[in-house]
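Heads up: the structure comes next, in structure tokens.
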Amino acid sequence: MSEYKYVAPCLFGVEGILAFELERMGAKNVKAENGRVNFEGDLNILARANINSRYAERILINVGEFEAVTFEELFQGVKALPWENYIGKDDAFPVNGHSINSTLHSIPDCQSIIKKAVAKRLGRVYGLETLPETGVMNQIQFSIMKDEVTLMLDTSGDSLYKRGYRAQGVLAPLRETLAAALVSISRYKGRDPFCDPFCGSGTIPIEAALIAKNRAPGLNRAFAAQKWAWLPSGLWLEAADEAMDNEFHGNYEIWGGDIDPAAVELARHNAKLAEVDDIVKFEVSDATKFHWGGLHGRIVTNPPYGERLMEKAEAEELYRAFGKAWKKFPDGWQLYLLSSHTEFERTFGQQAYKKRKLYNGMLKCDLFMYGVK
């Protein structure tokens, strides 16, 4: 089977975790860059990465790369690529992308020229003056970084953070890929008690349950490339069967609490859709009075920041009260708390042992770690 080049975009700060994950799946020549991971492999890794990746935002095929500083160079570079290997004569091929620190900075102009170049190539190959674009979707993505152009095809469709278990969310939901990264950074493997006292719609505990069970997050959703005629028909079923064979079955102590009964009810609903409701417990609970038995465990949580959900003074009062609750936990407990609040440690009442910069979408945050050795 032929080898392909792939690109996996991700949230800033998650690149190293994603690179390690892809290597474990069998990806080759894995290289992490800012906001993405490049890798190589056959078509099996395409299906395997889509179904199994917890941290990638999507999986893209790298069709080609070249340098361009003029629109003519962009047009000719795009037209020279073998688009007919991927896009059928009836297929739709919309274009989207970005340009950073490049001479070709107009996104609409770049979109138009790339579209014309692909259409010119395909029209010549298929002997058509006008391409109908009534068939399956082949989303073209472009990236122009310092005049280096990369052309890609999106195999995922909806972003991979859309696992299929969250039909709706509460205010300021945490992206599933970031929630999974928080769980990974905490080194949770399913053996210790796991708690989220600000669980909202349940994303962090649900991702923890998926990790504990080693359940692939993409098993309950579809992907754009499943409709592509040139891909082997058994590719996806084989990857899904492999993922299900790798699942664990055991008893886990995973808990989420929130002061809002509607959020707790939604979290229970989402856990059922994710097929982890048998191992995750959600309760209405006040985080400022939070406590848990046992000498060790992990708390991974994302409390309200203050920017969107409540006034800054209210957020600081919440942090202060939760800090007092945390001080009552035994030394064997660890806390991983994500916040964008610039004065979090002061209001929490304790300096973090470690901090790690992460992004919740475009919002810069810090993951504050307590009790971590």
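Values as computed for the structure displayed
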{"read-out": "Evaluation of E72 against (1) acidic (D, E); (2) part of a loop (DSSP other than H, G, I, E, B); (3) more than 21 Å from R356 (Cα to Cα) (one fails), failing number", "value": "(2)"}
{"read-out": "Some residue of the range 223-243 being within 17 Å of the chain's Cα centre (by Cα) and outside any strand (DSSP E or B)", "value": "yes"}
{"read-out": "Within the range 244-264, considering residues that are at pLDDT below 95 and not in a loop (DSSP other than H, G, I, E, B), the one farthest from the chain's Cα centre (by Cα)", "value": "A262"}
{"read-out": "Boolean, L128 is over 30 Å from V14 (Cβ atoms) and either in contact with a Ser or Thr (Cβ under 6 Å, 6 or more places away or on another chain) or surrounded by 14 or more Cβ atoms within 10 Å (Cβ to Cβ) (or both)", "value": "no"}
{"read-out": "Residue list for the range 222-239, filter: open to solvent by less than 20 Å² (accessible area, probe 1.4 Å) and farther than 16 Å from N85 by Cα", "value": "F223, L235, A239"}
{"read-out": "Candidate set from the range 182-235 (those that are modelled with pLDDT of 95 or more and among the hydroxyl-bearing types (S, T, Y)); member that is farthest from K272 (Cα to Cα)", "value": "S186"}
{"read-out": "Qualifying residue in the range 4-15 (condition: of a type in the set (S, T, Y), surrounded by fewer than 19 Cβ atoms within 10 Å (Cβ to Cβ) and within 22 Å of Q139 (Cβ to Cβ))", "value": "yes"}
{"read-out": "Some residue of the range 70-81 being under 17 Å from L151 (Cα atoms), acidic (D, E), more than 27 Å from the chain's Cα centre (by Cα) and open to solvent by 30 Å² or more (accessible area, probe 1.4 Å)", "value": "yes"}
{"read-out": "Strands (runs of 3 or more DSSP E) enclosed by the range 268-373 - at least 2 residues per element that are among the small types (G, A, S) and open to solvent by 70 Å² or more (accessible area, probe 1.4 Å)", "value": "none"}
{"read-out": "Check on R24, on the phi < 0 side of the Ramachandran plot, buried (at least 20 other Cβ atoms within 10 Å of the Cβ) and assigned to a helix (DSSP H, G or I)", "value": "no"}
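The values are calculated or read from the model by the stated rules, or taken from the named source; none is laboratory data. The shown structure was predicted, so the numbers you read here are calculated from the model rather than taken from an experiment. Because the Cβ atoms are built from the backbone with ideal geometry, glycine has one as well, and the counts that use them run over all protein chains shown. Surface accessibility is based on the protein's heavy atoms, side chains included, excluding ligands, DNA and RNA. Shrake-Rupley method; radii C 1.70, N 1.55, O 1.52, S 1.80 Å.
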